[in-house]
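Structure, as structure tokens:
The values are calculated or read from the model by the stated rules, or taken from the named source; none is laboratory data. In this text the structure is predicted, and so the values were computed from the model without any measurement. Cβ placement follows ideal geometry from the backbone for every residue including glycine, while neighbour counts extend to all protein chains displayed.
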Amino acid sequence: MKRINCTIEPDYFEIFAVELNGYGFEITKREEDRIEFTIYAQDEEFESIKEMVEEIFADIGKGKVSSVENISEEDWEEKWKESFKPIEIGKFIVLPEWEIYNGSDYIPIKIKVAMAFGTGLHPTTQMMLKLIPEFLEPGDSILDVGCGTGILAIASAKMGAQVDAIDIDPQAVEECKINAWENEVSIRCFLGDVEEIDQEYDVVISNLQMEIFQKSFDTLPKKFRKYWLLSGIFQDVEREKILNLSREYNLKLVRIESMQEEGRNDHVWYGFVFKRS
Ligand SMILES: C[S@@+](CC[C@H](N)C(=O)[O-])C[C@H]1O[C@@H](n2cnc3c(N)ncnc32)[C@H](O)[C@@H]1O
């Protein structure tokens, strides 16, 4: 296992995070003039991840890899344990797998491993977790596009839905399977791109990013029967882009949610629910 330590100016960090496309990172220091963060990579994927990170820095024209460290699997697990505490979100409580929940006020979602995106800490995941119980009915067929750890797919399955979950990242598909097993729910997790969805579902859930929505707006609105829950939209500019696209494709806005990033009042994320007009 390797740590890829990076640094970038705060104003460019969000652009970088979006470009990283859901890959997990840990912020180690926030200063006025820079953010330091670490990306963890398995040895076999290290070269390709480092190359991808450097390409993003080159595209943005900001940021750099400052150092690379070898760490043992055990050290990484310890670090991960320190940083992952139970969190209550809507009807759910998201827990690391070593925590036991004995209460009855929340529905537990256990996350066993998470190199992929989706520990429940990000506002985009949290908005979706709040919307899922409201818009899903037991027995609904659901597609979670970009499942990451499988957190939203598991929440949907716990609401009694029949769930398919796809991701373009093999690591995410693997983690989704492990986490589904850990939560004792049945989910069909498989490798797949948003462009390749070949069937309709009652509800489509997608916490992706603006660039992917822009490319897939021709296909995604045709894949749901009841609702489309969408998140991953950053700041007002992207919110307007989504609203314009939804009008163009005759979708009716049922709900719009917003949430600020912790400690960053100027970083606002949006979530939407659409149905057909
Ligand atoms: C922001 S994460 C969301 C993870 C999780 N669903 C959550 O809400 O916390 C986005 C996920 O979408 C996946 N992804 C990116 N592009 C995709 C595409 N074209 N088709 C399917 N999945 C994609 C990424 O690999 C990543 O796991």
Top-ranked residue of segment 139-159 - restricted to ones that are more than 13 Å from the ligand (Cβ to nearest atom), not in a helix (DSSP H, G or I) and not charged (D, E, K, R), ranked as surrounded by the fewest Cβ atoms within 10 Å (Cβ to Cβ): Gly139
Residues that are modelled with pLDDT of 80 or more, surrounded by fewer than 13 Cβ atoms within 10 Å (Cβ to Cβ) and either in the same structural domain as Gln209 (by TED's automatic domain parsing) or not basic (Lys, Arg) (or both), drawn from segment 17-38: Glu31, Glu32, Asp33
Unmet criterion (only one of (1) farther than 16 Å from Ile142 by Cβ; (2) in contact with a Phe, Trp or Tyr (Cβ under 8 Å, 6 or more places away or on another chain); (3) surrounded by 16 or more Cβ atoms within 10 Å (Cβ to Cβ); (4) not charged (D, E, K, R)) for Trp228: (1)
Ile93, sole failed condition from (1) touching a residue at least 24 places away in the same chain (Cβ under 8 Å); (2) in a strand (DSSP E or B); (3) within 18 Å of Thr119 (Cβ to Cβ): (1)
Elements of type strands (runs of 3 or more DSSP E) in segment 160-277, at least 3 residues being within 25 Å of Phe16 (Cα to Cα), touching a Ser or Thr at 6+ places or on another chain (Cβ under 9 Å) and within 16 Å of the ligand (Cβ to nearest atom): 201-207, 224-234, 264-276
Those residues of segment 51-66 which are within 21 Å of the chain's Cα centre (by Cα) and not β-branched (Val, Ile, Thr), in sequence order: Met52
Search result, residues across segment 213-223 that are hydrophobic (A, V, I, L, M, F, W, C) and touching a residue at least 40 places away in the same chain (Cβ under 8 Å): Leu220
